Structure formats: C-alpha cells, structure tokens
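Student: Right, I'll just put the structure down here and ask away after.
The values are calculated or read from the model by the stated rules, or taken from the named source; none is laboratory data. Remember, it's a predicted structure, so these values are computed and weren't measured experimentally. We place every Cβ from the backbone using ideal geometry, glycine too, and count neighbours over all the protein chains shown. SASA here: full protein model, heavy atoms, side chains in, ligands and nucleic acids out. Shrake-Rupley method; radii C 1.70, N 1.55, O 1.52, S 1.80 Å.
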Amino acid sequence: MSFVQNLPPSVVAKQARKEGEDDGPQKKSREDYKKMKELEEARKAGTVPAMQDEEGKDINPHIPQYIMQVPWFFGDNRPTLKHQRQQPEKLKQYTSHDQWFKKGVKEGPVGTKFRKGACENCGAMTHKKKDCLERPRKIGAKFTGDNFAPDEHLQPELSFDYEGKRDRWNGYDPEQHKKIYEEFEKIEQAKRLLKEKNIEEDILDGSDKPDIETKVTKGDSDDEDKYADDIDMPGQKFETKQRITVRNLRIREDTAKYLHNLDVNSAYYDPKTRSMREDPFKNTGKEKEAEFHGDNFVRYSGDAQQFAKKQVFAWDAYEHGADVHLQADPTKLMLLAKEVQQRKQDTKVEAKNSILEKYGGEEHLDAPPKQLLMAQTEDYVEYSRHGTVLKGAEKPTVRSKYQEDVYINNHTSVWGSYWNAGRWGYKCCCSFIKESYCTGLAGIEAAQERSLIAVQGEENGADSEGEEEERTLMEQHQDKLQEKKKKKKRKKKQQRKKKRKHSSSSSSSSSSDDESDEDSEEEERRKQKRLAKALKAEAANQKHAEELLALDERKRPYNSMFEARAPTEEEMEAWRMKRRREEDPMSQFD
C-alpha cells in the first residue's frame, strides 16, 4: 500500500493539457510500479516502517487502498485517515464535570423599590406572579413597597453525558463539609474542657464518685480501646438484629484456588464467594500429592463437625441466658454441653422405663429381629454387582389422616370414583345412589342399556324432548288435554259414520265418552293435590335452608346421609315456581 495523491478533476485536466503541450503525457514506468509494489510488501512484512499520518501515528499497511485514499474534495496532500473518523464539527459537545446548577439566590443587595416586570407578589425579577413559590401575600410587594425577595439564579442550560448525569458528587461543595467538621470539633473541644474541669473539682473536693455530668461526658468520650471489648468476634455470636458478613479472603502469597487445576471441567469456582467446594484433583490420580482438596474437605474432616455443633450449642445457650463463649471459655462450654447431653439421655431413659412399667412389653424390645429368628424374610430386595439396591426397600407411601381404601356394601371402589351426566357414583357397578349395595356386572350392563336407550331416544326425537324439558308441567298437561280432545273429535266422526249403519251402537259410544271425561277430571284433581303438597314441602325446605345458613357453619348438622332419589314431576314444578329468578327485575318485590 502506497500513498497516491488524489487530485481534483480541474487540476488533472490542467496537468494533462500541460503535458500535451510538452512531449505528451508521461506515464510511470514498469520499474516505478515494481518499486511501489515491493515497498508495499515490505511494509506489510514489517521490514520497512509504516507510513505515518499528520499526527505521527502509524497507518496500518493492511488497510485497502480505497479506504486509505483521501477523496479529492477533502483537500489533503498527505497520507491520513482523518476522513474515516468522525468529524469534530459533528461531535456533540457536553458540559464539563466541574459545572453544575447554581443553588440559592444571588448574593448582593436586595431591591428596595418595585421594578417594572418584577413579580407582583414578592418583588423578584426572575419570575412572574403565576410562577412565584412564596406564600401568596394579602397585599403584594408591588403595592406595599417593602419586604422584597432576592432574585434567583438564572440556571444555564447544561448538557451532561452518560457519566455526568450519574455522577453523585457533581455539584458537591467541600466547604459545606468543612463547616460541619469545624462545628463538631468545637463541640468535642468543649466536652474535653468540661471533663477536665469536673475532674479538677472532684480532686479538690476529695470525692471519689463523679457527678452526673462527669458520667455523661465520660460515657461520650471514653477511651477508644475499650470499645473493642464489647465487639463480638465475627461469626461467633449470632443475633437476629445484627448481620455480620465474613469474606473468604486469602493471603496474597498463597496459590489461588482456581489455579490448582486449570482444566475447565474440574471443580467449579464461585468468584463471588471465592469458594471451591469440590476437590479440583478428583479422578485425576493426584489426590494424595495435592495440598488443596476443596472447601468441603476442610469442613467435614477432623473435628470440624464437632466444632460446628459446639458453636450452635453456644448460640442457643446464649439466647437462653447462659453466658458461654466458644473462644473465650471453651472448657466451660464443653462441660455445659456434656451436662446437657447427659440430662437428655436420663430423661429419655426415665420416660422409656415409666412407659414399660405402666404398659409392659419389655420382652419384645429385647427380642432379636425376625430376619435372624426365621433366617428368611418376605421382603424382596434386588442388588447390583457393587452391592447397591436396585429394587426393593421402597419408601412407604405417604397417607393422610383420613381413612383411605375403605370399601362398604361389597363395593370394590369408593364413592366418587365414577362420574357421568353431572352425577357421582361407584365405578364398580355404575350406581349413583350413595351407600347402596354393589350390583357388580349387572349394574354396569343396566347402565349401558340406559345409555343406549337414551341415545336412541335422542336420535328419534331430540327436538321434541328438548322442547318438553323446557316447558313447564302445566303446559305439558294442557298439551295432553288438547290431544285428548282431538282424539274425541276423531272418535265422534267415526261414530257418526257408524250410526248410519248401526243405530244401536250410538248409546254405548256416548256412555264411553262420559266415562273418559270423568277419568280425566279425576286425574287433574289428583295432580293439583300433589302439586299443592309439593309446594308446601318446597316452602318448608327453603325455610329450613335459611335457618341453616343463619347458623354458624361449625354448628350446622352433617347431612351427607340424606336420601338420594330422583325428584318427581310435581316437586320439579314446585321448585320452578318457588325458585327466585335473579334476572327478573321485579323479583325483588314480593
């Protein structure tokens, strides 16, 4: 790569005309191209220094020519990459970090006369009355002419970058902290002088007991070294209101845990807690030679577990009022733990002996296990070649406190194991009656027949059945009466035809018609009586239900043994007549 100056078209045309006037255009020879190529290869190989731009920075020789070449309108005669960078006039200018919004009001004298364009409420020039943040005055400063407010700072328009917007110390004035520090030092100095004065007075009076003020000053400014006696060791005393974190630090000279084994698939190192729990040399054959075997090896080897148990015991004893400490007095802690353990064992033995004395059965405790007595067992256990259990000795299933798998009345399934058409029943016999006797296959066959009959009925007259279910009992009864009247008319027509042939048969037909009318009227009276009886029963049931709902649910009777049967037509009609229709707007008015 070599730099070739890119001239404007006008300059190129002028040079061409000038060269034509002399001896014609002069082209570069083959030797010149060869030298340029060799120089480019040498720069790429690094044997020749790379080209430098106007700032003295090296230009990468591997950059393509069309990228490094400066356009003719850029106006640069030297090798450069300035045209590839963002231009300074297009860069967004941000406010420096030492600038911030001004606070407070302007320093200087406050106005004593109302100025034109000022706030009519407070008299400041930097805002209007509608933007004033002071208390609205009964008579504004414009009319009173006194108590003018100072002018605020006119805030400049600052444009911060990402870091400037999030700089928490931007705009902080160290002089404010200096003032607070000076005030604190004055208070501390006054306390020291007061303490010295009180001590001198006590010495002159000859009294050993300090005054109340001396106690206060002494408690506030006591020796700092004494505070170390009240501080607990990290991780030794546990309190719910105190949180102590101990970082897993290491000595700088020690080898880091993640450097013991550089294999990616070795033990996992947690950088947040600086812990490596597993052995990094596991299954590598270097377990014996290694010095580090993981954090869990140190935790669970030697007396580490016993030490942890004693530490937990010390925490529990401290919460119960015993002043013991694992590091301060380990002998006292060990003796106390031994005494507590002995008391626990004595309490267990006493409880066991008292139960055996009361109920007996000590001979069963001393008997050897059944496997040793019979030399055989019915428990099936399957082992592998390494001795691990493959099958058998499974954990028992967890059961609830309620009775399970209790079958009554010769049933082989529980109530609720079968569901069909919105009803629950027994799966073994497809019975929907609770606490009924199991009928077995006969009940299943009967249920299948009922379902087949229902399906056939739906295929034959699904529309008519749907209409009948939607109609009330009174409408169905009226339809039946109309059908009977039609039948009577047909019979009368047939009888009239027969009268011409058989005159004697007319008397018998009239008597049969009278009998059928009497039967229909009697049947209608019976239905009305049954409907009135059903209405009374439905009213009583609703009243009883309201009384039960008014009671506490813990005092309500258990009604799961209530008789389960299909309601009659009269009961269904009474329920329809008595039920409350929420969608009816007039249902709220009785």
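Student: Filter region 378-399 down to residues that are open to solvent by less than 100 Å² (accessible area, probe 1.4 Å) and modelled with pLDDT of 70 or more and give me whichever is farthest from SER413 (Cα to Cα).
Tutor: So the first thing to find is which residues in region 378-399 are open to solvent by less than 100 Å² (accessible area, probe 1.4 Å), and the list is 381-382, 384, 387-389, 392-393.
When the remaining residues are screened for being modelled with pLDDT of 70 or more, the result is 381-382, 384, 387-389, 392.
Numbers: VAL381: 31, GLU382: 33, SER384: 39, GLY387: 41, THR388: 38, VAL389: 34, GLY392: 28 Å.
Step by step, filter region 378-399, then rank; the result is GLY387.
Student: Residues of region 401-447 being among the charged types (D, E, K, R), exposed (fewer than 14 other Cβ atoms within 10 Å of the Cβ) and farther than 17 Å from ARG565 by Cα, which ones?
Tutor: LYS401, GLU404, ASP405, GLU445, listed by residue number.
Student: Restricting attention to region 217-231, does a residue exist that is exposed (fewer than 12 other Cβ atoms within 10 Å of the Cβ), at pLDDT 80 or above and part of a helix (DSSP H, G or I)?
Tutor: No, every residue in region 217-231 fails to be exposed (fewer than 12 other Cβ atoms within 10 Å of the Cβ), at pLDDT 80 or above and part of a helix (DSSP H, G or I).
Student: Let me ask another. Mind checking which residues of region 111-145 are in a loop (DSSP other than H, G, I, E, B), open to solvent by less than 30 Å² (accessible area, probe 1.4 Å) and hydrophobic (A, V, I, L, M, F, W, C)?
Tutor: ALA118, CYS119, CYS122, ALA124, CYS132
Student: Could you tell me how many of the residues in region 76-95 are assigned to a loop (DSSP other than H, G, I, E, B) and surrounded by fewer than 10 Cβ atoms within 10 Å (Cβ to Cβ)?
Tutor: 6
Student: Follow-up question, since we're still on this one. Specify the residue that is modelled with the lowest pLDDT; the eligible residues are those in region 91-124 that are touching a strand residue (DSSP E or B) at 6+ places or on another chain (Cβ under 9 Å) and not basic (Lys, Arg).
Tutor: Filtering first and then ranking leaves GLY104.
Student: Follow-up question, since we're still on this one. Which condition number in (1) in contact with a Phe, Trp or Tyr (Cβ under 8 Å, 6 or more places away or on another chain); (2) open to solvent by less than 70 Å² (accessible area, probe 1.4 Å); (3) in a helix (DSSP H, G or I) is the one that PHE148 fails?
Tutor: Among (1) in contact with a Phe, Trp or Tyr (Cβ under 8 Å, 6 or more places away or on another chain); (2) open to solvent by less than 70 Å² (accessible area, probe 1.4 Å); (3) in a helix (DSSP H, G or I), PHE148 violates only (3).
Student: Only residues that are modelled with pLDDT of 80 or more and either of a type outside the set (A, V, I, L, M) or open to solvent by 70 Å² or more (accessible area, probe 1.4 Å) (or both): list them for region 556-578, please.
Tutor: Result: PRO567, THR568, GLU569, GLU570, GLU571, GLU573, TRP575, ARG576, MET577, LYS578.
Student: Is there a residue being assigned to a helix (DSSP H, G or I), loosely packed, with under 14 Cβ neighbours inside 10 Å, under 58 Å from the mean Cα position of the chain (by Cα) and free of Cβ contacts under 8 Å to residues at least 60 places away in the same chain anywhere in region 35-42?
Tutor: Scanning region 35-42 turns up no residue that is assigned to a helix (DSSP H, G or I), loosely packed, with under 14 Cβ neighbours inside 10 Å, under 58 Å from the mean Cα position of the chain (by Cα) and free of Cβ contacts under 8 Å to residues at least 60 places away in the same chain.
Student: Continuing with the same structure: Checking the conditions here, which among LYS286, LYS282, LYS332 is at pLDDT 90 or above and of a type outside the set (A, V, I, L, M, F, W, C)? Full working, then the answer.
Tutor: Working: LYS286 fails: at pLDDT 90 or above; LYS282 fails: at pLDDT 90 or above.
Checking each option against the conditions leaves just LYS332.
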